[in-house]
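In what follows, a single structure is set out as structure tokens and then discussed.
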Amino acid sequence: MILVTSAGGKTGKAVVPALVAHGHAVRALVRSGTAAAALKALGAAEVVTGDLADAAAVERATRGVRAIYYIPPNMSPNEGLHGANIIAAARAAGVDRLVFHSVLHCQVQALRHHWNRLFVEEALIESGVPFTILQASSYMQNMLPGWARMVETGEHTMGFAVDARISLIDLVDLGEAAARVIADPGYAAAILEINGPAITTTEKAAILTRVLGRPIRAGQTPLATVLDHARHAGASDHALDCLARMLDHYSRHGFEGSTKVLSWILGRPPTDFETFARRILAAGA
Ligand SMILES: NC(=O)c1ccc[n+]([C@@H]2O[C@H](COP(=O)([O-])OP(=O)(O)OC[C@H]3O[C@@H](n4cnc5c(N)ncnc54)[C@H](OP(=O)(O)O)[C@@H]3O)[C@@H](O)[C@H]2O)c1
């Protein structure tokens, strides 16, 4: 049995079916039961509820599992506590491996929520628990909630500069990489960046123009609008601060890593943005 945490989020819903497709039984840990039916439909054998801040709940969820795919909640002020709880539970369960879903450039202090994760990586390395760390780039799927509006308005906008180069990984590739890494003991003690190809919003708009057969312009959503949307969606002050810092950093420096490691794990080049966009369109978006 493999435990997947934060299983009801974007990442979890990609990792769970990939593990199932590789023949693993999956226990999905969610904070509330709302995602339970969706996770069962994705093949999870068990869905359990618990808050990652609750050490006893995390310990219960971990009982009897042989491996953990630890996805931390996004932009949480409790990053350290969640990490400490999962590491303690992994040690108590005697797991073969704890795979930590980390993030690209957690070495950069300006990226507040990435930087917080660096200390969980450090704690994991020092814990004695067999581990693998996957540092993921941004997801192609992050644009999907805005897809219909993009088609309607002819504008593809992100919250950072249109010429910032951002590595984008397809969540299908991410799930496949997660499944390969967790099953192969050769990845024990590895710290791996998993990135798709880097691309700017301007380049994405040109591809979307071709794929959709109608003009799509690139744009930058003003910071105030991004923060307003996030606030309305329930983001905490901590998350809003992380978001603002991240967008500023992306505008100035991009967010780019190499595709070499992911190519090596998958045994093929990572999915590029045009292939992703054509798949989304074919799926009826
Ligand atoms: N999105 C990206 O482009 C990207 C790129 C690289 C790495 N990552 C990393 O991947 C991780 C997941 O991101 P995501 O985009 O999949 O986020 P997401 O879709 O927002 O999912 C996060 C999940 O965490 C759950 N959660 C929140 N607080 C929790 C708690 N205290 N205890 C238990 N569960 C809790 C949420 O449950 P509720 O629904 O109940 O709130 C939600 O299902 C993050 O650590 C992020 O840094 C994301």
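Annotation: amide H of Gly219 within the under-5 Å range of His156, Thr157, Met158, sequence separation 5 or more or interchain, hydrogens built in the peptide plane. For region 260-285 and region 172-202, compute the distance between their C-alpha centroids and round to whole Å. About 13 Å separates the Cα centre of region 260-285 from the one of region 172-202. Farthest towards the positive end of the charge dipole of region 171-264, among the residues Leu174, Pro222, Leu243, is the Cα of Pro222, using unit charges on the Cβ of Lys, Arg, Asp and Glu. Across region 159-285, the relative contact order, built from alpha-carbon pairs under 8 Å that are at least six residues apart, equals 44 percent.
For region 17-92, trypsin sites (Lys or Arg not before Pro) meeting the loop criterion (DSSP other than H, G, I, E, B) and having at most 16 other Cβ atoms within 10 Å: Arg63, Arg66. Which residues among region 68-94 fall inside the zone where the amide N is under 11 Å from a point 7 Å beyond the Cα of His238, along Cα→Cβ? The answer is 73-83. Comparing Ile133, Ile166, Ile125 in a Gaussian network model of the chain (Cα springs below 10 Å), the most mobile by mean-square fluctuation is Ile125.
3J(HN,Hα) along region 130-142, derived from phi through the Karplus expression 6.51 cos²θ - 1.76 cosθ + 1.60 where θ = phi - 60°, amounts to x, 9, 9, 10, 10, 9, 8, 7, 5, 9, 4, 5, 4 Hz, with x in place of Gly and Pro. In this simple spin-label approximation, Ala56 and Ala189 carry label points 7 Å from Cα along the Cα→Cβ vector, and these lie 3.8 nm apart. Using just its DSSP H runs of length 4 or more, each adding -39500 (n - 2.57), the chain gives a mean residue ellipticity at 222 nm of -14000 deg cm²/dmol after division by all residues. With charges set only on the Cβ (+1 for Lys and Arg, -1 for Asp and Glu), what does the dipole of the chain come to about its Cα centre, in debye to the nearest 20? The calculated dipole for the chain is roughly 560 debye. Membrane-span-like helices in the chain, defined here as complete DSSP H runs extending at least 15 Å along the helix axis by their C-alpha atoms with mean Kyte-Doolittle hydropathy no lower than 1.0, are 171-183; this is a sequence and geometry rule, not a statement about a membrane.
Laboratory data are not the source of any read-out in this text; all were calculated from the coordinates shown. From a predicted model like this one, the values you see are computed outputs, not experimental measurements. Note that each Cβ is placed from the backbone with ideal geometry, even for glycine, and that neighbours are counted across all protein chains shown.
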